[in-house]
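Worksheet: one structure, shown below.
The values are calculated or read from the model by the stated rules, or taken from the named source; none is laboratory data. Just so we're clear, the structure is a prediction, and the values are computed from it rather than from any experiment. Every residue, glycine as well, gets a Cβ built from its backbone with ideal geometry; the counts of neighbours run over all protein chains shown. Accessible surface is based on the protein model in full, side chains and every heavy atom, while ligands, DNA and RNA are left aside. Shrake-Rupley method; radii C 1.70, N 1.55, O 1.52, S 1.80 Å.
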Amino acid sequence: MSMALPATQNALWIVSPKGPWSVGLNGVPTPGQGEVLIRIESTALNPVDWKEHDYDHFILRQLEYPVILGTDSAGIVVAVGDSVQKVNVGDRVLHQGISGLRQATFQEYTIASEDFVAEIPSQISFDEASSLPVAVATAAIGLYAPKAEFGGAALTAPWKDGGAGKYADEPILVIGGSSAVGQAVIQYAKLSGFYPIITTVSPSNNDLVTSFGATHPLDRNKPLSTLAHSIKAITSKPLTIIYDAIALSDTQNAAYQILAEGGTLIIVLLKTAVKEEDRVQGKEIVTPLGCAPIQDAFGKEIYAHLTSYLQNRDIKPNRIQYISGGLASIPDALDLLRKNKVSGKKLVVRPPETA
Ligand SMILES: NC(=O)c1ccc[n+]([C@@H]2O[C@H](COP(=O)([O-])OP(=O)(O)OC[C@H]3O[C@@H](n4cnc5c(N)ncnc54)[C@H](OP(=O)(O)O)[C@@H]3O)[C@@H](O)[C@H]2O)c1
């Protein structure tokens with residue numbers, strides 16, 4: 001079943017490795033079994049988008065050219081494939097795309113599996129909803145996915161029996177609480193009951209992170225060598241969970257030093273900067289891959305519970321900055337991310353505005 005659809009659409013292409021971006025036509029794909037076709041109203045930008053372009057590498061494989069990038073999307077379901085049961089034409093949904101051709105989000109139409117879309121509650125706009133998929137997946141996978149390559153810390157998820165509030169009175173440290181991933185980590189940490197929720201941010205973002213549930217924002221511009229002391233002034237309990245949502249070499253190493261024995265450090269990049277000789281037994285590091293569709297079973301769990309968290313405002317979208325001009329404006333906007341010029345908000349583009 002489908003709405004009337006065009007045969008072609010605008011897409012933002014990269015034709016050769018590290019080459020220029022250009023808007024051109026792509027065919028509108030047909031959803032296969034269990035898949036839906038989404039007309040993208042808003043797509044949000046992520047650091048991975050410029051990294052894939054500049055490093056010529058998707059997280060787990062080489063890119064094949066020509067390629068379309070983009071992984072954060074919100075839009076309307078305009079067609080459903082055979083055997084789709086949970087999603088209907090006309091539904092407002094958010095979903096996480098995958099670089100390539102059919103499932104990328106820097107285009108007007110994209111394909112998703114019905115297991116990896118979540119209905120958007122009416123109080124949330126498409127722009128806001130598009131800020132969520134990558135951040136939510138990376139936070140939830142890091143905290144709750146099983147311990148495996150690209151998995152997480154295997155905490156009990158708040159949607160599981162006994163999971164909500166399970167970690168009451170246990171402290172958590174979130175490095176980079178104002179980042180998109182950090183904001184989602186704080187919100188899941190609150191659902192899990194962690195207290196205090198300590199996070200490092202620029203003071204201008206203190207109100208932002210406390211609105212999500214952080215209890216003790218610390219100035220991220222102070223030397224990391226003072227972090228342990230600042231934390232001791234807040235809690236004397238051992239810190240057994242630290243989520244480093246920035247994962248620079250210095251934040252990873254500082255976090256690893258602070259981590260208590262028996263604890264887990266979750267780092268948001270797939271490579272740890274903590275050298276083997278500095279590692280000690282009993283302090284674990286996990287490197288989650290924040291892609292719900294690739295995580296399959298655990299990714300499905302995230303999506304099965306996301307809409308109710310959004311409805312209850314347990315999970316709130318990022319603050320967004322709308323960028324006009326459609327797909328053609330993405331390369332310049334990505335440059336702002338590349339140059340660390342974005343603080344506490346998500347850049348959002350509307351593909352239908354493409355000239
Ligand atoms: N593993 C995965 O699958 C996965 C998934 C998503 C993202 N990532 C990676 O995770 C990182 C964050 O992505 P994102 O989209 O969340 O980033 P983002 O929202 O663009 O990050 C911007 C924020 O980072 C904060 N920040 C920068 N340096 C910091 C530092 N040294 N200490 C504390 N905060 C700092 C800034 O905070 P202030 O403005 O408050 O100073 C700013 O608000 C990126 O490297 C990205 O590639 C990995």
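With the stretch 64-138 as the region, which strands (runs of 3 or more DSSP E) entirely inside it contain at least 2 residues that are within 20 Å of P351 (Cβ to Cβ) and either assigned by TED's automatic domain parsing to the domain that holds Y188 or within 16 Å of the ligand (Cβ to nearest atom) (or both)? Working first, answer last.
Values: elements: 72-80, 92-96, 109-113, 117-119.
In the stretch 64-138, the matching strands (runs of 3 or more DSSP E) lie at 72-80, 92-96.
For the stretch 34-72, give me each residue that is charged (D, E, K, R) and in contact (Cβ under 8 Å) with a residue 60 or more places away in the chain.
E35, R39, E41, D49, D54, D72
Based on what the data block shows, is K275 within 16 Å of the ligand (Cβ to nearest atom) and among the charged types (D, E, K, R)?
Working: within 16 Å of the ligand (Cβ to nearest atom): no; among the charged types (D, E, K, R): yes.
No, not satisfied.
Scanning the stretch 214-232 for residues that are out of contact with any Leu (no Cβ under 8 Å at 6 or more places or on another chain) and under 20 Å from Q183 (Cβ atoms), which turns out nearest to the ligand (Cβ to nearest atom)? Before the answer, list the steps.
Step one: of the stretch 214-232, the residues out of contact with any Leu (no Cβ under 8 Å at 6 or more places or on another chain) are 214-217, 219-226, 228-229, 232.
Among the residues that remain, those that are also under 20 Å from Q183 (Cβ atoms) are: 214-217, 219-221.
Working: A214: 11, T215: 17, H216: 14, P217: 9, D219: 9, R220: 4, N221: 7 Å.
Within the stretch 214-232, the match that is nearest to the ligand (Cβ to nearest atom) is R220.
Please find, within the stretch 159-176, the residue that is nearest to the ligand (Cβ to nearest atom) out of those that are crowded, with 24+ Cβ neighbours inside 10 Å and of a type in the set (A, V, I, L, M, F, W, C).
Applying the filter and picking the extreme gives I175.
Being open to solvent by less than 10 Å² (accessible area, probe 1.4 Å) and either out of contact with any Phe, Trp or Tyr (no Cβ under 8 Å at 6 or more places or on another chain) or under 26 Å from A247 (Cβ atoms) (or both) is the filter here; which residues of the stretch 20-45 pass it?
We begin by selecting, within the stretch 20-45, every residue open to solvent by less than 10 Å² (accessible area, probe 1.4 Å); these are 36-38, 40, 42-45.
Result: V36, T43, A44, L45.
Scan (1) more than 16 Å from the ligand (Cβ to nearest atom); (2) touching a Ser or Thr at 6+ places or on another chain (Cβ under 6 Å) for the single condition T156 breaks and write down its number.
(2)
Could you check how many residues of the stretch 200-230 are crowded, with 19+ Cβ neighbours inside 10 Å and touching a residue at least 24 places away in the same chain (Cβ under 8 Å)?
Count: 11.
What is the number of the single condition among (1) under 20 Å from V185 (Cβ atoms); (2) without any contact (Cβ under 8 Å) to a residue 60 or more places away in the chain; (3) within 14 Å of the ligand (Cβ to nearest atom); (4) in a loop (DSSP other than H, G, I, E, B) that A260 does not meet?
Single failed check for A260: (3).
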